[in-house]
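Quick notes on the structure that follows.
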Amino acid sequence: MTAASAPLYLDSHSFHDVAVGERRVLFHLPTSSLFELDRVGGEVLDFVKAHHSFTETDVRDWILAKEARSEALTPAQVAEVLHDFQSIDILRTSPEQDLEPSLKIREFPLSSLVISVSTGCNLSCSYCYKEDLEKPSKSRKMDFDTASQGIELLLREGASRDQLNVVFLGGEPLTNLPLIKQVVEYAERRCAEEGKRVDFTMTTNATLLTEDIVDYLDQHRFGISVSMDGPQAIHDRRRITINGRGTYATVAAKAKILIGRYRSRPVGARVTLSAGATDVVGIYRHLKGDIGFFEVGFAPVTTSEDDALNLSPEELRAVFDGLKTLGREYLEAALQNRNLGFSNMHQLMSDLYEGRKKSLPCGAGVGLLALDSAGDLNLCHRFTGSSLPTFGNVVDGIAKESLGEFLEAAADLSGKPCATCRIRKLCAGGCYHESYARYTDPLSPTYLYCDLMREWVDFGMSVYVELLEKNSSFLMQHIDSRRTKQ
């Protein structure tokens, strides 16, 4: 502080104070950075949190009071910490807090295009969110002309990107395998001509896989995720055929064929947790240990139109407790330089390691758009067939003005509790489609499990800090290397 004793003001919404055992860590929200506090730093932070605004005289009186209790801090020590807090804007010379500048979005450098190759699916999963889902016999399949125009759009709008990603989804994408093969051949040729790398990914229910299909996907290095909900009793409750039969036996057998033959990339499982399915640890152990997936990730159902499918608050609590149990196992394995294959925790470690700072919930609309069979561009794959307006088409291109206005509104958190939430830079309001499904408004933040998400991030920070201290090489080997290989 200066000799003029000008007051300093605490910006309580610019940081979060996290306890990690007996250690204290400061999470700096504007930069998503973590700073460990020593004893002096912790005591000074407690002082400024208690006062919110103070002068040099207040600080001097506090130091003298501590000295009288034999808890001495030198003025130089305190001044250094206060200077550090000012340098990252935790302390300010004005009570006015800086408002985050409003975003102006008019450029859309695509890196990924989702191609919804078919609205048909051979399953009838009770929790499916797709509004355009149909039986394979009645499905609308995308034609090659539409798909190839989509690839050309991706090349134009992704001109600044070195690598592009084509995502095949449905319905069940393998119900239109001939188109997938045409698109792969076309995209590989066109990207080679433009000097770009192209990557393919697919989420499948695995029921249509054969050895020949697996070998084809392996040859073209598809990133594959299999939708599977766990052991038979859990999986067969929701993931059923159109005729109502369980699919576990088929999916498990096909998944083992896939995992046994696939060499180009690791194969992951995507688990949908619906009402009654909360045994996260048991599901993980089955899919990882018994089936053999490289990694397993979990997504809760909270916005189904059928409330009987949604996880109750008590079930959500059980789910997050299970995630934390796996998180502790992830840490134990990481300290031994092993990746446990728990993708929810691994993603959070990646976010913290990379200092991710979100202004938008995800890349939908900026780095990613979804192409439907009519050639229209959707915000993401979840919105194909929905009432949400589309944002252009493959003939006319991206409707940049309307898409920009939508994204600018999404980034504007003023007047919302998100504006001061301590995880706002890691969450940014949550999934557009969850908001749309629950509130019919994709821009309404989803508050259903905000407290649990804040708890999850705090837990993740404690894991990250311990890992950073005891085996930081794990982060370089399993996050940096993974990013560069994909």
Considering only segment 139-190, state which residues are within 19 Å of T207 (Cα to Cα) and without any contact (Cβ under 8 Å) to a residue 24 or more places away in the chain. P178
From D215, D199, grab the single residue that is farther than 18 Å from L154 by Cβ and in the same structural domain as R156 (by TED's automatic domain parsing). D215
Which numbered condition in (1) of a type in the set (D, E); (2) in contact (Cβ under 8 Å) with a residue 40 or more places away in the chain; (3) over 30 Å from G397 (Cβ atoms) is the only one that E329 fails? (2)
A370 versus (1) crowded, with 20+ Cβ neighbours inside 10 Å; (2) over 21 Å from L443 (Cβ atoms); (3) among the small types (G, A, S): which is the lone unmet condition? (2)
Of Y436, Y432, Y464, Y447, the only residue that is more than 17 Å from Y129 (Cβ to Cβ) and in contact with a Pro (Cβ under 9 Å, 6 or more places away or on another chain) is Y447
Within segment 1-20, how many residues turn out to be part of a loop (DSSP other than H, G, I, E, B) and closer than 18 Å to G355 by Cβ? 1
Of the residues in segment 114-157, how many are touching a helix residue (DSSP H, G or I) at 6+ places or on another chain (Cβ under 8 Å) and not aliphatic (A, V, I, L, M)? 17
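Condition test on G392, is it surrounded by fewer than 21 Cβ atoms within 10 Å (Cβ to Cβ), assigned by TED's automatic domain parsing to the domain that holds I151 and under 30 Å from D143 (Cα atoms)?
Spelling it out, G392 is indeed surrounded by fewer than 21 Cβ atoms within 10 Å (Cβ to Cβ), assigned by TED's automatic domain parsing to the domain that holds I151 and under 30 Å from D143 (Cα atoms).
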Filter segment 64-123 down to residues that are part of a loop (DSSP other than H, G, I, E, B) and small (G, A, S), then give me how many there are. 5
I'd like to verify a number: residues in segment 21-63 that are among the charged types (D, E, K, R), surrounded by 18 or more Cβ atoms within 10 Å (Cβ to Cβ) and assigned to a strand (DSSP E or B), how many? 1
Any idea which of L323, L360 is within 29 Å of A159 (Cβ to Cβ), of a type outside the set (G, A, S) and in the same structural domain as D290 (by TED's automatic domain parsing)? L360
Taking I88 as the residue in question, decide whether it is outside the structural domain of V251 (by TED's automatic domain parsing), within 30 Å of the chain's Cα centre (by Cα) and under 17 Å from L37 (Cβ atoms). yes
With the requirement that a residue be of a type in the set (G, A, S) and surrounded by 13 or more Cβ atoms within 10 Å (Cβ to Cβ), what does segment 183-205 give you? A187
Segment 328-342: number of residues that are out of contact with any Phe, Trp or Tyr (no Cβ under 6 Å at 6 or more places or on another chain) and either crowded, with 21+ Cβ neighbours inside 10 Å or more than 27 Å from S274 (Cβ to Cβ) (or both): 7
Exactly one condition in (1) surrounded by 14 or more Cβ atoms within 10 Å (Cβ to Cβ); (2) among the polar types (S, T, N, Q); (3) in a loop (DSSP other than H, G, I, E, B) is not met by S160; state its number. (1)
Residue satisfying condition, being at pLDDT 95 or above, more than 18 Å from N165 (Cβ to Cβ) and hydrophobic (A, V, I, L, M, F, W, C), within set I213, I224: I213
Return yes when T384 is crowded, with 20+ Cβ neighbours inside 10 Å and either modelled with pLDDT of 95 or more or within 20 Å of S111 (Cβ to Cβ) (or both) and no when it is not. yes
Given the conditions (1) touching a Leu at 6+ places or on another chain (Cβ under 6 Å); (2) in a helix (DSSP H, G or I); (3) surrounded by fewer than 18 Cβ atoms within 10 Å (Cβ to Cβ), which single one is not true for L208? (2)
Of (1) within 17 Å of D290 (Cα to Cα); (2) touching a Leu at 6+ places or on another chain (Cβ under 7 Å), Q232 satisfies every one except (2)
Condition broken by L379, with the remaining ones in (1) touching a strand residue (DSSP E or B) at 6+ places or on another chain (Cβ under 7 Å); (2) over 23 Å from V167 (Cβ atoms) satisfied: (2)
Looking at segment 395-415, which of the residues that are modelled with pLDDT of 95 or more and part of a loop (DSSP other than H, G, I, E, B) is surrounded by the most Cβ atoms within 10 Å (Cβ to Cβ)? A399
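The values are calculated or read from the model by the stated rules, or taken from the named source; none is laboratory data. These numbers were taken from a predicted model, which means no experiment stands behind them. No Cβ is skipped: glycine too gets one built from the backbone with ideal geometry, and neighbour counts run over all protein chains shown.
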